[in-house]
Amino acid sequence: MSALRFSDTISATLTDGVLVVTIDNPPVNALSADVRAGLMAALGHAEKDSAIAAVVLIGAGNTFIGGADIKEFGKPPVEPLLPEVIARIEDFSKPVVAAINGAALGGGLEVALACHERDAVPSAKIGLPEVKLGIVPGAGGTQRLPRLIGTVAAIELISNGRIVSANEACKLGIIDSLIESSLIDAAVAIARSAADSPLRRTGTLPVPPESTEAIDKAAAEALRKARGQRGPAEAVRLVRLAAATSLAEGLAEERRTFVELRDSEEAAALRHVFFAERAAGKVEGLENVAPRKIETVGIVGTGLMGSGIAVAALNAGYRIIGIEQTQEAAQKGRERITGILDKAVQSGRLDIAGRDDRLGRLAVVADAQGLAEADLVIEAVFDDLAVKTELFQRLDGIVRADAILATNTSYLDPNVIAAATAHPERIVGLHFFSPANIMRLLEVVNCEKTAPHVLASALAFAKGLGKLPIVCGVTAGFIGNRIFSAYRREAEFMVEDGALPHEIDAALEAYGFPMGLFAVYDMAGLEIAWARRKRQAATRDPAARYVAIADRLCEAGRFGQRAGRGWYAYPDGKRTVDPEVTAMIATARAEKDIAPQSFTADEIVTRLLKAMAAEGDALLTEGIAARASDIDLVMINGYGFPPHKGGPMFVAGRR
Ligand code: 3H9
């Protein structure tokens with residue numbers, strides 16, 4: 001039968017008296033103005049035609065509907081608005097069935113919630129992730145979801161923006177059935193039979209009663225996790241409202257809140273992060289370069305970093321060959337990796353079968369010849385130029401001609417390492433952040449001679465690990481540590497100028513950082529940076545301002561939290577301001593004749609953000625970072641920058 005067309009993105013066919021309406025708006029079938037208008041037209045047609053007994057909504061491709069069109073936010077609204085379309089679906093005189101063929105997210109799930117029946121393929125992903133964009137659902141999600149699954153479960157899902165599998169959605173009561181066979185055939189049959197019974201309109205259902213205690217607990221947990229962001233708090237309020245008021249009033253309040261948040265700075269920042277993440281994967285010049293297939297990964301060094309990388313790669317399905325220098329070290333490496341997997345089992349994140357499958361793909365040996373079969377070798381040995389150069393030269397004689405070699409160096413120059421090898425074109429930097437099995441950020445260092453297919457393969461590997469790869473050029477510290485150094489330097493200048501470490505930390509934490517800078521120092525330990533400063537002392541510009549307070553702390557044995565004292569004291573493990581440190585700071589100021597001034601929290605944050613953005617500008621000018629948004633992602637995913645502020649470059653742009 002020929003297809004009916006209702007708009008550029010909406011078409012339909014009539015099957016067995018059921019109008020099957022397809023939403024075809026690539027890439028994710030977002031609810032653009034054309035989709036909304038087309039859906040209204042299709043429903044209008046279905047209403048009038050007496051040969052149509054029911055309607056099925058389905059998405060083209062692998063997605064049902066990915067949500068409202070985020071690109072439309074910030075532009076003047078175009079009728080019909082989504083709530084109108086959704087009301088039309090829920091009130092429709094004939095059954096409307098959602099055939100969920102893939103992701104049903106945000107507005108996409110809200111469309112489905114208004115349908116009279118929801119059936120999904122097992123691979124579908126279901127959720128209301130709006131809070132991740134700094135907003136709340138704006139087309140009925142906060143009012144209809146609790147009517148289906150209760151207030152407690154709705155608070156948990158909406159305030160976290162958690163996306164669930166179709167299976168979990170079915171258990172929760174969001175989805176009516178999972179369809180393993182042909183989704184369209186099943187949905188048509190369900191729609192036909194629904195035409196003979198009363199329609200189940202979600203909005204008319206009562207919210208199932210639950211104890212106030214359970215609801216308060218869920219709400220408190222949601223607010224705790226929200227760390228000051230508005231979206232989750234508003235989501236909790238709106239979900240609770242569903243049980244307390246009529247659907248119409250609940251929807252009106254939801255819409256008002258949605259519009260207010262959509263136009264907020266927090267939402268603009270999170271939208272920026274959303275699009276920044278999608279842009280980060282795209283690298284100019286690599287559009288037509290195919291990545292090599294990587295199945296076996298060699299990891300040289302199975303210490304803290306190497307074992308974390310191994311776990312990340314095992315989790316992603318790779319075969320791992322870990323290399324150590326001695327049998328004993330290889331045994332320890334294997335134990336370290338097994339230990340991380342065991343912890344995951346204990347916490348319920350992994351089952352025994354999953355652990356055993358991973359261990360079945362792991363070998364840790366003391367013989368580097370084992371790397372002969374590796375497609376990619378990542379070195380994670382001690383960060384020393386001689387050690388790394390010697391290792392790469394040795395690898396030249398072991399690995400296959402088409403193998404890729406990656407260095408995980410943090411501070412050394414990978415161009416120098418590459419230059420010492422026979423094939424610098426196959427060398428790339430993979431700068432993981434610790435713990436490598438947890439941290440999402442991965443700086444992919446495009447060295448001077450890295451071949452395009454090597455870079456493309458490294459990127460594909462990083463994405464295969466589920467990481468967020470950011471490509472950067474070679475510079476000391478790459479993107480993250482360069483900006484971090486500038487930020488740290490500025491913070492230490494401010495300490496000399498009059499702000500105390502705890503005042504700076506308090507300002508950063510109030511801004512949204514999970515932990516202040518000086519508390520982070522103490523947690524990481526001060527020795528390594530001290531050793532680096534001592535190495536650099538001879539080449540440091542004597543005219544440049546240098547703050548020696550951190551050196552003084554180290555000289556006094558104040559190496560941080562593990563030593564019981566650093567920038568702070570830790571009596572009973574609790575971070576406390578130490579008058580001894582305050583006195584050391586006063587002495588340092590006096591030695592330089594600095595009359596301390598006082599800073600407000602806002603002044604502190606502004607000055608630090610400015611320092612970060614200035615260094616970011618330098619990285620862009622030098623061509624180390626490809627885009628300002630990449631820098632924001634590095635700071636958000638590697639250094640605790642609050643995502644709802646958008647990153648230092650975003651903030652600078654807004655100012
Ligand atoms: C909402 O619904 C509000 C409502 O409550 C109320 C309204 C009144 N809009 O991620 P990918 C683009 S808020 C516009 O790489 P995947 C994306 O930019 C929305 N564009 O694909 C990229 O473009 P490009 C709530 C969108 O297969 C391309 O699609 N929904 C949207 O890995 C591919 O994206 C969400 O928050 C959009 N909604 O994953 C869901 N979504 O190629 C957001 C994607 O030019 N989306 N694009 O770079 C996702 O989580 C994932 O995209 C999805 C597909 C899982 C759907």
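The values are calculated or read from the model by the stated rules, or taken from the named source; none is laboratory data. What you are looking at is a predicted structure, and each value in this text was computed from that prediction instead of being measured. No Cβ is skipped: glycine too gets one built from the backbone with ideal geometry, and neighbour counts run over all protein chains shown. Please note that ligands, DNA and RNA were not included when accessible areas were found on the heavy atoms of the full protein model with its side chains. Shrake-Rupley method; radii C 1.70, N 1.55, O 1.52, S 1.80 Å.
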For segment 297-472, whose charge dipole is built from +1 on Lys and Arg Cβ atoms and -1 on Asp and Glu Cβ atoms, the candidate among Ile320, Ile340, Ala366 with its Cα farthest towards the positive end is Ile340
With +1 assigned to the C-beta of every Lys and Arg and -1 to the C-beta of every Asp and Glu, and no other charges, what is the dipole magnitude of the chain about the Cα centre in debye, to the nearest 20? 400
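Which of rounded, prolate, oblate describes segment 480-623, given a ≥ b ≥ c as roots of the alpha-carbon gyration tensor eigenvalues and a/c under 1.5 marking rounded, otherwise prolate only if a/b is larger than b/c? The partial results should precede the final answer.
Numbers: a/c = 1.35, a/b = 1.20, b/c = 1.12.
Verdict is rounded for segment 480-623.
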Say each of Arg540 and Ala476 gets a label point 7 Å from the Cα, pointing the same way as Cα to Cβ; how far apart are those two points in nm? 1.1
Sorted by accessible surface (1.4 Å probe, heavy atoms of the protein chains only), largest first, Glu249, Glu580 come out as Glu249, Glu580
Rounded to the nearest 10 Å², the 1.4 Å probe accessible area of Ser264 is 30
Roughly to the nearest percent, how much of the accessible area of segment 297-472 is carbon and sulfur, given a 1.4 Å probe? 54
Residue (of Asn415, Pro26, Leu133) at the positive-pole extreme of the chain, dipole from beta-carbon charges: Asn415
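Give the residue list of trypsin sites (Lys or Arg not before Pro) in segment 528-618 that are DSSP loop and have at most 13 other beta-carbon atoms within 10 angstrom. All intermediate terms of the calculation are to be shown ahead of the outcome.
On the way: sites: Arg532, Arg533, Lys534, Arg535, Arg540, Arg545, Arg552, Arg558, Arg562, Arg565, Lys574, Arg575, Arg589, Lys592, Arg607, Lys610; in loops: Arg540, Arg545, Arg558, Lys574, Arg575, Lys592.
Of the trypsin sites (Lys or Arg not before Pro), the ones in loops of segment 528-618 whose Cβ has at most 13 other Cβ atoms within 10 Å are Arg540, Arg545, Lys574, Lys592.
Under a 1.4 Å probe, what is the accessible area of the chain per residue, stated in Å²? List each step's numbers first, then the result.
Values: 27780 Å² over 655 residues.
Accessible surface, normalised per residue, equals 42 Å².
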How big is the dipole moment of segment 297-472 about its Cα centre under a simple scheme where the beta carbon of each Lys and Arg is +1, that of each Asp and Glu is -1, and everything else is neutral? Debye, nearest 20, please. 540
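Just to make sure I understand: if all protein chains stay in place, what is the order of Glu490, Glu254 by accessible area at 1.4 Å, largest first?
Working: Glu490 40, Glu254 0 Å².
From most exposed to least exposed: Glu490, Glu254.
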Lysines near Lys171 by alpha-carbon distance under 21 Å, same-chain residues fewer than 8 away left out - which ones? Lys125
Can you check what the net charge comes to around Ile417, using other residues whose Cβ is under 14 Å from the Cβ of Ile417 (Lys, Arg +1; Asp, Glu -1)? -4
Accessible-area order (highest first, 1.4 angstrom probe) of the listed residues Ile528, Ile175, Ile190: Ile528, Ile190, Ile175
Which value, in Å² rounded to 10, gives the accessible area of Tyr546 with a 1.4 Å probe and all protein chains present? 70
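Can you pull the percent of segment 75-180's accessible area that's carbon plus sulfur, 1.4 Å probe, other chains left in place? Don't skip to the answer; put the middle values down first.
Details: 1720 of 2970 Å².
Within segment 75-180, the accessible surface is 58 percent carbon and sulfur.
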Among Gly397, Val188, Leu57, whose Cα projects farthest towards the positive end of the dipole of the chain, with charges put on the beta-carbon of Lys, Arg (+1) and Asp, Glu (-1)? Gly397
Per-residue counts of other Cβ atoms within 10 Å, averaged by peptide: what ranking do you get for 273-280, 19-26, highest first? 19-26, 273-280
Taking a cut-off of 17 Å between Cα atoms, list the aspartates and glutamates near Lys332, but don't count ones fewer than 8 places away on the same chain. Glu324, Asp342, Asp367
Taking R0 as 60 Å, what's the FRET efficiency between Val78 and Ala595 from their Cβ-Cβ distance, rounded to 0.05? 0.50
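How would you rank 635-641, 56-62, highest first, on the average number of other Cβ atoms within 10 Å across their residues? If you can, show how the numbers build up before the last one.
Numbers: 635-641: 22.9, 56-62: 21.0.
Taking the mean over residues of other Cβ atoms within 10 Å, the ranking is 635-641, 56-62.
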Can you compute the helix-only [θ] at 222 nm over the chain? Use -39500 (n - 2.57) per DSSP H run of at least 4 residues, normalise by all residues, nearest 500 deg cm²/dmol. -15000 deg cm²/dmol
With +1 on the Cβ of every Lys and Arg and -1 on the Cβ of every Asp and Glu, the dipole magnitude of segment 121-173 about its Cα centre, in debye rounded to the nearest 20, is 60
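Report the relative contact order of segment 433-508, percent, no decimals, based on alpha-carbon pairs under 8 angstrom and at least 6 residues apart. Display every interim value, and only then the final one.
On the way: 53 pairs, mean separation 21.3, N = 76.
Once divided by the residue count of segment 433-508, the mean separation gives 28 percent.
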Find the relative contact order for the chain and round it to a whole percent, using C-alpha pairs within less than 8 Å whose residues are 6+ positions apart. 9
If the cut-off is a Cα-Cα distance under 16 Å, which lysines reach Lys463, setting aside same-chain residues fewer than 8 apart in sequence? Lys282, Lys293
